[in-house]
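The values are calculated or read from the model by the stated rules, or taken from the named source; none is laboratory data. Not measured: the values here are computed from a predicted model. Glycine also receives a Cβ, built like all others from the backbone with ideal geometry; neighbour counts cover every protein chain displayed. These area figures cover heavy atoms from the full protein model, side chains too; ligands, DNA and RNA do not enter into them. Shrake-Rupley method; radii C 1.70, N 1.55, O 1.52, S 1.80 Å.
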Amino acid sequence: MSESTASPPANAAWGGRFAGRPAEIMERINASIDFDKRLFAEDIAGSKAHCAMLVRQKILSAEDGEAIAGGLEQILGEILAGKFVFKRAHEDIHMNVEQRLAELIGPAAGRLHTARSRNDQVATDFRLWLRNAIDRGDRQMQALQAALLGQAERHAATVMPGFTHLQIAQPVTFGHHLLAYVEMLGRDRGRMADCRKRLNECPLGSAALAGTSFPIDRHATAAALGFDRPTANSLDAVSDRDFALEYMAAAAIAGVHLSRFAEEIILWCSDGFRFVALSDAFTSGSSIMPQKRNPDAAELVRAKTGRLAGALVGLLTVMKGLPLAYGKDMQEDKEPSFEVADTLELCLAATMGMVLDLTANEAAMRAAAERGFSTATDLADWLVRVLGLPFREAHHVTGSLVKRAEERGVQLAQLSLAEMQAIDQRITNPVFDVLDVASSVASRTSFGGTAPENVERAVANARERFL
Ligand code: ARG
């Protein structure tokens, strides 16, 4: 009697070839169960679809198929109930499930792995998991758009300074400013939808790398799992992680948008601005300075974008230069992807909370818009429109008027007509109509411009497009 049949194999999956046990450190570096257990539902769904297909194709008996399906169902229940014991010795989610299946139904469990490999199995599970993550993220982004649209509608005519170089540039409406983020989120959702479309092909049945000699029906498993079609090339199917990279890239860009918005919230809450206030629900106090109200949630959204970008660069680096087909390197795809999904979801939820929570300080916004000669462009435009000056000359005249106002420490509207005429005698009284910030924004009716009537229309249009 040989050694291998006398004692239990060192490893149930490859014990035929292996007599020794892995070193403790080998087990530690090799095992992915600590994180890939998050794939349990997808793993079991994939196995059930595979099993049903094997029965239909008469590769597996109906009896074994039933036993396997029943066992998988029980395992799902055990995991959901928190009763399943995940074991590092079984390396990953695929083998943990299979080993438990063997405990539950005996040797028939070993037939489930016919015509598949962990390579196509993990690629399938991971695509299913990310597809769900994309769908969750899309719902959250849509909800955030809805929240922004609510505030934009409320503040369609609320005047605030618009900035370039963080210098007051021209008056805009707060609603218009918020709508800018609705557009960004729309593109973020579009990128995720594109990623989902390309991701939605099923690797199952590609087996280890070359396909299989069993008469499987890959179209059936693809359809059963909600994929649009099976992947076309078995080598590509087990070695492609583009879908994770695309997801992370889209998430990193979305994170950049959330981070920019977070930064604006932080600025707007600061003493120099006071444009908005967040309630106790989204701020924290200081343990030493009783007057403080810190926008911690916004600061953390701003910061967490670093994780999103870092995860993307990390996986790009893992994948770079990997020869076809599968390499264990690719096991490193999951932790950063999970981290990205978790971080993005947290940031979207926190941003949504802040948008619903924030109150605008309309008086402070308007006062700031009135400072900083924000209607200087309106004045120059008036000189062009009414007096027929070339824009460059109008710009020059306006510059002199701004200089004069600055010297006197007043706003443009506070200069007298005589003072204006001292700089250009052609100026007449109606110029004062365009120096007011409300008339400035009201005049910006060009398509996509900031006028309150535009904002109202844009809100309705965005609701049509996005909600
Ligand atoms: N845990 C592995 C992973 O996440 C599953 C695939 C293992 N395949 C293999 N040939 N060792 O990539």
| request: At 20 °C and 1.002 mPa s, grab the translational diffusion coefficient of the range 309-467 from Stokes-Einstein with a Kirkwood Rh over Cα pairs, rounded to a whole number in µm² per second. | output: 103
| request: For the range 1-122, with all protein chains present and a 1.4 Å probe, just round the carbon and sulfur fraction of the accessible area to a whole percent. | output: 55
| query | Rounded to two decimals, what ratio of Rg to Rh does the chain give with C-alpha atoms and a Kirkwood Rh? | reply | 1.17
| message | With a 1.4 Å probe and all protein chains kept in place, how much accessible area does Asp120 have, in Å² rounded to the nearest 10? | response | 0
| query | Arg191 label point, 7 Å along Cα→Cβ, cut-off 14 Å on backbone N: hits in the range 252-292? | reply | 252-261
| request: Show that you can apply the helix-only estimate: for the chain, add -39,500 (n - 2.57) for every DSSP H stretch of four or more residues, divide by all residues, and state [θ] at 222 nm to the nearest 500. | output: -19500 deg cm²/dmol
| remark: Computed from the beta carbon distance with a Förster radius of 51 Å, FRET efficiency for Ser270 and Asp34 to the nearest 0.05 stands at 0.75
| message | Restricting to Cα pairs below 8 Å that are 6+ residues apart, what does the relative contact order work out to for the chain? Please round to a whole percent. | response | 16
| query | How large is ³J(HN,Hα) for each residue in the range 416-427, as worked out from phi by the Karplus curve 6.51 cos²θ - 1.76 cosθ + 1.60 (θ = phi - 60°), to whole Hz, x for Gly and Pro? | reply | 7, 4, 4, 5, 5, 5, 5, 8, 8, 5, 7, 5
| request: Sum up the lysine pairs in the chain that clear both bars: alpha-carbon distance under 19 Å and a spacing of 8 or more or different chains. | output: 10
